[in-house]
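The values are calculated or read from the model by the stated rules, or taken from the named source; none is laboratory data. Note that the coordinates shown come from a computational prediction; the quantities given were computed from them, not determined experimentally. Heads up, the Cβs are rebuilt from the backbone with ideal geometry, glycines too, and the neighbour counts pull from every protein chain shown. The area values use the complete protein model at the heavy-atom level, side chains included, leaving out ligands, DNA and RNA. Shrake-Rupley method; radii C 1.70, N 1.55, O 1.52, S 1.80 Å.
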Amino acid sequence: MKQIYFLLLISFTVMSCQNDIDDYQVAKSELDIRLEELLLEKSEGQGINFFILPESDDYASIPQDPLNPITKEKVELGRLLLHETASGGNPKMDVMAGTYACASCHPVASSFYSGRRQGIGESGSGFGAAGESRGFDLTMPLDSIDLQPIRVPTLLNVAYQDVALWNGMLGGSGTNAGTQSQWSDIPENHLGFQGLEIQGMVGQDTHRLQIDENFADTYGYKEMFDRAFSNTQSFERYSRKTAALALAAFNRTLLSNRAPWQDYLKGDYAALSEREKRGAILFTGKAECMNCHTGPALKDQDFHAFGFGHFDDSNDAVVLDDANFDNVKKGRGGFTNNPSDDYKFKTPTLYNLRDANFYGHGGTFNSIEEVIRYKLSSQLQDNNVPLSQIASEKGAVTLTEEEIQDLIFFVENSLYDSYLTRYVPETVLSGNCFPNADVQSKIDLGCE
């Protein structure tokens, strides 16, 4: 009798497990099946895993520079250095010392995008709620203001690129192989590091940061440098280079892996609404978005021309270097001097666009809807771009109004990771206010 009872119990358990499997399969709707088919088609033969971002502490799965392997110690140091306003130690105006950091232009409050159209480092004033109220300190000379000549991109998902900046000029390997003749003004590229590491070095000079032994000793960072770079000679352990390597290691861990789209890809079919799924199907297929916005970060490592506009001299964007601005407007071509690269810009990630406020390399759009409608149209913002340069996806498809709204809804909501504060320290070792420490920012941020 006990044997019969045991067999019945086993049979019931097997049937229950099978029912669970069947329920899981039934949970897949026709929309899910169609989306899965499209994703398999777009995955370059790798399956749906091709689009999944790793966990931020799964260093082995995060793309990284072989010359700068990610370690916990580097990540911990880089996390603080990104936000440490004491690093703003080389200003043109002494009064601005210690008032800005990398995070001044990449605050978490706006998903690591700049909170305003044009990023401002030194001589910026104020923050607002998400960096949107940062303006010029009008008491400072214009030439002391650190202004970016192009829209500040997010730090999210930068691990999925081997070059940095919109024109990809930073990086001494991979995509930039064969561009050595253009490196005369970028000697760091000859070190052979990838773009993020080079950006960490060049950025410290460009944005008037100073991270050296004196900084490490003054603000208590020596022990963290010792742990992160124990194999580096002590005379070069606390330096611009090691700081850059730590910043790059941390930046590679900034992944939007808690967005609903990521949950969906991992098998949670309830993570997206039916409307979002319809938008995802359009994104992956008919709308041709995934031709460029592909892979885990939804960006390829290529450059494309869509005729977007550029910064202009206006109330929210100032061009200080007119002589070099033509090169900026030429994008990749301004770096390579290859006419076939003219007006092409690096594909950006599409995660957390809801917090970006401005879109395109010139910040010439104010909503995701504007960008999508522009992509679907045949018009150009920059009429100087030859039609022969324009990406084939521009104006190539027609969507109904309902389809447009579904596509917008998917990009705005499914690709939004709302838990980015997990990447931000509660304090930095200097005890300074961050991401800015100027007088108005301290008021806005409640530091004083």
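Side notes on the structure shown:
- With the convex hull of the Cα atoms taken as the outline of the range 245-299, the averaged projected area works out to 4.5 nm².
- Centroid-to-centroid, using Cα positions, the range 243-311 and the range 161-225 are 25 Å apart.
- When Rg and Dmax are taken over the Cα atoms of the chain, they come to 23.9, 94 Å.
- Radius, Kirkwood style, for the range 190-296 when every pair of distinct Cα atoms is counted (Å): 17.3 Å
- Cβ-defined net charge surrounding D316, 14 Å radius [Lys, Arg +1; Asp, Glu -1]: +1
- Anisotropy class of the range 338-398 from Cα gyration tensor, a/c 1.5 cut: prolate
- The gain in end-to-end length when the D326 to E37 segment is fully stretched comes to 99.7 nm, 0.36 nm per residue minus the alpha carbon separation.
- Global geometry of the range 298-432, whether rounded, prolate or oblate, following the gyration tensor of its Cα atoms and the 1.5 cut on a/c: oblate
- Relative contact order (percent, whole number), the range 98-156, Cα cutoff 8 Å, 6+ residue spacing: 37 percent
- Using a cut-off of 31 Å between Cα atoms, the listed pairs K74/K266; K28/K394; K222/K299; K28/K299; K329/K442 include K28/K394; K222/K299; K329/K442 as exceeding that distance.
- Mean Cβ count within 10 Å, highest first, over the residues of peptides 35-41, 171-177, 97-103, 323-329: 97-103, 171-177, 35-41, 323-329
- The packing ranking of peptides 152-158, 89-95, highest mean first, is 152-158, 89-95, where packing means the average number of other beta carbon atoms within 10 angstrom of each residue.
- Relative contact order %, the chain, counting alpha carbon pairs below 8 Å whose residues are six or more apart: 23 percent
- Sulfur and carbon atoms: percent of accessible area, the range 298-448 [1.4 Å]: 46 percent
- Excluding ligands, DNA and RNA, the accessible surface per residue across the chain is 45 Å² with a 1.4 Å probe.
- Compared with the direct C-alpha span, the chain from V397 to N291 gains 36.9 nm at full extension, assuming 0.36 nm per residue.
- Length gained on full extension, S133 to D263: 43.4 nm, using 0.36 nm per residue less the C-alpha separation.
- Among 238-245, 395-402, the peptide with the highest mean count of other Cβ atoms within 10 Å heads the list, and the full ranking is 238-245, 395-402.
- Using the Cβ-Cβ distance between E44 and S230 with R0 set to 41 Å, the FRET efficiency works out to roughly 0.55.
- Contact order relative to length of the range 294-448, as percent, for alpha carbon pairs under 8 angstrom and 6 or more apart: 24 percent
- MRE, 222 nm, helices only [DSSP H, n ≥ 4, -39500 (n - 2.57), over the chain, to nearest 500]: -9500 deg cm²/dmol
- Sulfur and carbon atoms: percent of accessible area, the range 175-214 [1.4 Å]: 45 percent
- Label-point gap, in nm, between E448 and D58 - each point 7 angstrom along Cα→Cβ: 4.5 nm
- Exposure check, 1.4 Å probe, all protein chains in place: H361 carries approximately 10 Å² of accessible surface.
- The charge dipole of the range 250-299, taken about the Cα centre with unit charges on the Cβ atoms of Lys, Arg (+1) and Asp, Glu (-1), comes to about 100 debye, rounded to the nearest 20.
- Judged by the gyration tensor of its Cα atoms, with axes a ≥ b ≥ c, the range 65-199 is prolate; a/c meets the 1.5 cut and a/b is the larger of a/b and b/c.
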